[in-house]
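Chemist: Take this structure, written in structure tokens, and hold onto it; I'll ask about it next.
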Amino acid sequence: MNFSLEQLLAFVTVYEQKAFSKAAVKLDKHRTTIGQVITNLEDQLAITLFERVGRTVEPTQDATLLYHYAKQAIEQTRTFDRMALSLSYGGLESVTIAYASFIPQQVLTTIRKVLINDFPHMRVNLLVRSKAEIKQGIQDGTIHFGLVNVFESKVINSIDSMLLRSMAFVPFTGESSILAQLSSNETFTAMKSTRQFVLKSMIDDDMAAKIVLSSQYEVVDQQTLIIRMVQEGLGWALLPRTISQSEYYSEKIIEIDSDTINEAIHVPVSMWCQHSKQVAIVKKSISKCIIDYIQAVDSAVN
């Protein structure tokens with residue numbers, strides 16, 4: 001059987017909107033046109049896709065089985081379209097890099113330095129975004145690259161995904177805090193009843209069970225603010241081990257020594273990007289930069 005992109009788009013949109021009228025508005029089509037496309041598709045497939053209930057529709061079991069395949073087919077078609085268009089264009093004049101809030105500023109600064117050297121005339125926008133926002137931005141073309149936590153993540157066909165390396169997170173506290181004065185066999189118990197600052201993006205990425213230890217935890221949007229509060233002795237937090245190598249953040253902050261916590265919590269970081277010839281060229285510079293940076297930090301720590 002041969003299906004048109006129009007049929008697949010109509011089917012997926014009606015499935016998601018649960019109404020012909022809403023699907024028509026989203027696709028900028030007349031309601032009767034959408035209804036006819038779906039009717040023709042049902043005749044072609046010889047199955048019923050939607051049960052009409054007043055002004056709304058309910059997908060049948062067959063429609064639910066077909067939905068994910070149709071969605072993938074649309075994404076693959078769009079990927080092909082973007083790649084084909086990119087072949088006829090020159091280099092990128094600007095790129096937007098979106099990143100999870102736990103990515104250290106040193107990493108981003110290093111990326112910017114490399115891009116200045118490799119692409120001196122290219123503008124680079126750096127934005128903090130959630131994983132969902134990064135995914136949507138890459139799919140609609142407003143974001144070129146995303147640095148995301150893939151602790152819990154599914155493969156997305158329309159996005160080029162490259163696993164970089166895991167980022168090690170360890171507990172830090174202020175030099176003046178009570179935790180800093182305890183012996184290594186006392187700190188773990190004390191941490192469970194001491195204020196813990198938790199990065200919101202970690203919670204959003206379904207890592208709460210892995211990273212929340214204290215019953216007195218507080219959620220904070222910005223990692224730089226967490227570091228500052230830890231430096232002031234207001235609590236403790238799991239932070240990237242790389243901050244111990246930073247002249248900006250290492251002051252008044254120390255890694256908590258605990259007999260119970262034997263290893264760091266590793267957060268896998270992937271770089272998501274669009275499928276295009278121009279993006280692929282920039283991707284090489286960014287990925288090499290990040291991998292080299294993490295290796296250098298690992299060597300310094302070890």
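The values are calculated or read from the model by the stated rules, or taken from the named source; none is laboratory data. Owing to the predicted nature of the structure, the values given are computational and were not obtained by experimental measurement. Positions of Cβ are generated from backbone atoms using ideal geometry, with glycine treated the same way; all protein chains shown enter the neighbour counts. With ligands, DNA and RNA removed, areas are computed over all heavy atoms of the protein, side chains included. Shrake-Rupley method; radii C 1.70, N 1.55, O 1.52, S 1.80 Å.
Chemist: For residue 167, what residues show an amide H to amide H distance below 5 Å, using hydrogens built from the backbone and excluding near sequence neighbours?
Modeler: Placed amide hydrogens put 267, 269 under 5 Å from residue 167.
Chemist: Rounded to the nearest 500, what is the 222 nm mean residue ellipticity of the chain from helices alone, with -39500 (n - 2.57) per DSSP H run of 4+ residues and division by all residues? Kindly include the intermediate steps, with their values, before the conclusion.
Modeler: Values: 12 runs with 138 residues, N = 302.
So the helix-based figure for the chain works out to -14000 deg cm²/dmol.
Chemist: In whole percent, and with a 1.4 Å probe on the protein chains, what portion of the accessible area of the chain is carbon and sulfur? Could you put the intermediate results ahead of the total?
Modeler: Details: 8310 of 16420 Å².
Exposed carbon and sulfur together represent 51 percent of the surface.
Chemist: Going toward the positive end of the dipole of the chain, with +1 on Lys and Arg Cβ and -1 on Asp and Glu Cβ, which of 35, 11, 100 do you reach last?
Modeler: Working it through, the farthest residue towards the positive pole turns out to be 35.
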